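No value in this document is a laboratory result; all are computed from the given coordinates. A quick note: this is a predicted structure, and the numbers were derived from the prediction, not measured. Because the Cβ atoms are built from the backbone with ideal geometry, glycine has one as well, and the counts that use them run over all protein chains shown.
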Amino acid sequence: MVDPKVEGKQKKQVEDFEVIESSLPFRNLLAAKKRFLVPSIILFLTLYLIFPILISYTNVMDKPAIGDISWAWIYSGFLFVMTWVLATIYMRKAASFDKMAEDVWKEADVEGRKAQ
């Protein structure tokens with residue numbers, strides 16, 4: 001049997017999160033994350049999936065680009081650079097997401113975590 005005090009507290013927490021979920025700042029946070037993440041993921045996956053297709057089904061990557069270095073090596077190096085750039089951009093963008101999350105907690109008048 002569940003203690004009525006504990007059961008009431010759990011119910012209040014669920015209600016708090018339902019209120020937070022329907023709040024404008026929370027919806028703005030989700031929309032901002034979606035606007036950033038969807039294009040980033042599409043770009044990342046597209047460029048990574050094009051590489052094995054180009055290597056397997058065309059001869060474009062076999063041609064020399066600089067001396068004996070083929071386009072395959074340049075493209076694969078570009079993929080490493082792109083990964084680091086996207087990770088860096090996400091880290092910077094995540095800080096603004098953290099600030100938006102703090103605003104969600106403040107408006108809901110619930111103690112939340114602080115962004116660093």
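Would you mind checking which residues have amide H under 5 Å from SER70's amide H? H placed 1.01 Å from N; only 5 or more apart, or other chain.
Amide H to amide H, under 5 Å and 5 or more residues apart or across chains, SER70 pairs with ALA65.
State the three equivalent ellipsoid semi-axes of segment 28-116, derived from the C-alpha gyration tensor as the square roots of 5 times its eigenvalues, in descending order and whole Å.
41, 13, 7
Contour minus end-to-end for ALA87 and TRP73, with contour as 0.36 nm per residue of separation and end-to-end as the Cα-Cα distance?
Extra length available between ALA87 and TRP73 comes to 2.9 nm.
Calculate, in nm to one decimal, what ALA32 and PHE80 gain on full extension: separation in residues at 0.36 nm each, minus their alpha carbon distance. Walk me through the numbers before you get to the answer.
Working: separation 48, 0.36 × 48 = 17.28 nm, distance 2.62 nm.
Value of the extension gain: 14.7 nm.
Any idea what the dipole of segment 31-116 comes to, in debye rounded to 20, about its Cα centre with Lys/Arg Cβ at +1 and Asp/Glu Cβ at -1?
Numbers: 10 positive and 8 negative charges, 27 e Å.
Dipole about the Cα centre, nearest 20: 120 debye.
Mind running the shape call on segment 41-82? Use the C-alpha gyration tensor, a ≥ b ≥ c as the square roots of the eigenvalues: rounded below 1.5 for a/c, prolate if a/b tops b/c, oblate otherwise.
Oblate, since a/c reaches 1.5 and b/c is not below a/b.
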